[in-house]
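Quick notes on the structure that follows.
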Amino acid sequence: MKQVAFLVFFFSNWLSLTAQQINPERVFNATEVEVQPRYGKLPESIYQFLGSNIRYPVTASLNGVSGTVILSFIIRKDGKMDSLGVASNPGYGLDQEALRVIKMSANNWKPALIKNEAVACRVYFPVRFASQNNNQISTPSLSPPAQPRVDKATRKLIEQAEQANVHYNQGLDKYEQDKLEEAIAAFDKALNIKPDHIPALQNRGIVKYKLKDVAGACADWQRIVNLGQSLPEALVNACK
């Protein structure tokens, strides 16, 4: 009886997952969209929010450390944030403080637009910490999000992440053409460049599952969980 119940549970999960379609949402680079993602109602809303919530890390302030943290994340077409990471970090806890506060903003973004339609877009957002007094915690100033000034190494990281989006979108094209192995190869290239590319991990897992590579699919989805992101229920159940 237990074996029958298990088979029914497994079969129902299999049906649920095979009905689960790949997320067709392409991720555009900032240079490809007509309207950039925006936090809140006004362009300056994000600066007001960060200025009100960021606290200068004590270690950085006491050591007189200033610098710019460049955050990288995707604002999806439903306005949700994912694939949050750090593209450039001066150290001394500045990155952790920038991450802490930007996570607080995650539910109040407007997506990018192309021809008045919402699209997913990767954002590179600089937060500049400028200590006014080496012995006190000072309020950081915020640099504008458009075209931040970065060194060559950081610029290379940004260019690589943009290239990862190109491979990711190619993977979607291959999937739509029912070329599943080629879709996986394209997602592989995206993830080799940007290991925390959440859409690529999720979709590669779905394609692997369709190719009956259950272990590989579950490994991809577990990586998403390890990165602090949630999964659709059908994907969670498939790996139980």
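A few comments on the model shown:
- Taking the fewest neighbouring Cβ atoms within 10 Å as the starting point, the ordered list for Asp213, Asp178, Asp95 is Asp178, Asp213, Asp95.
- Once the Cα-Cα distance is subtracted from the 0.36 nm per residue extended length, the Gln222 to Glu32 segment shows a gain of 65.3 nm.
- Cα shape, the stretch 151-240, gyration tensor, a/c 1.5 rule: oblate
- Additional length obtainable on full extension of the chain from Ala130 to Glu117, 0.36 nm per residue less Cα span: 0.9 nm
- Low-density loop positions, GluC sites (Glu not before Pro), the stretch 21-74 - DSSP coil, at most 13 other Cβ in 10 Å: Glu34, Glu44
- Here the extension length gained between Lys156 and Val214 equals 17.4 nm, from 0.36 nm per residue of separation less the Cα-Cα distance.
A short reminder: the numbers here are calculations on the coordinates, not readings from a lab. None of these values were measured; they are calculated from a predicted model. Note that each Cβ is placed from the backbone with ideal geometry, even for glycine, and that neighbours are counted across all protein chains shown.
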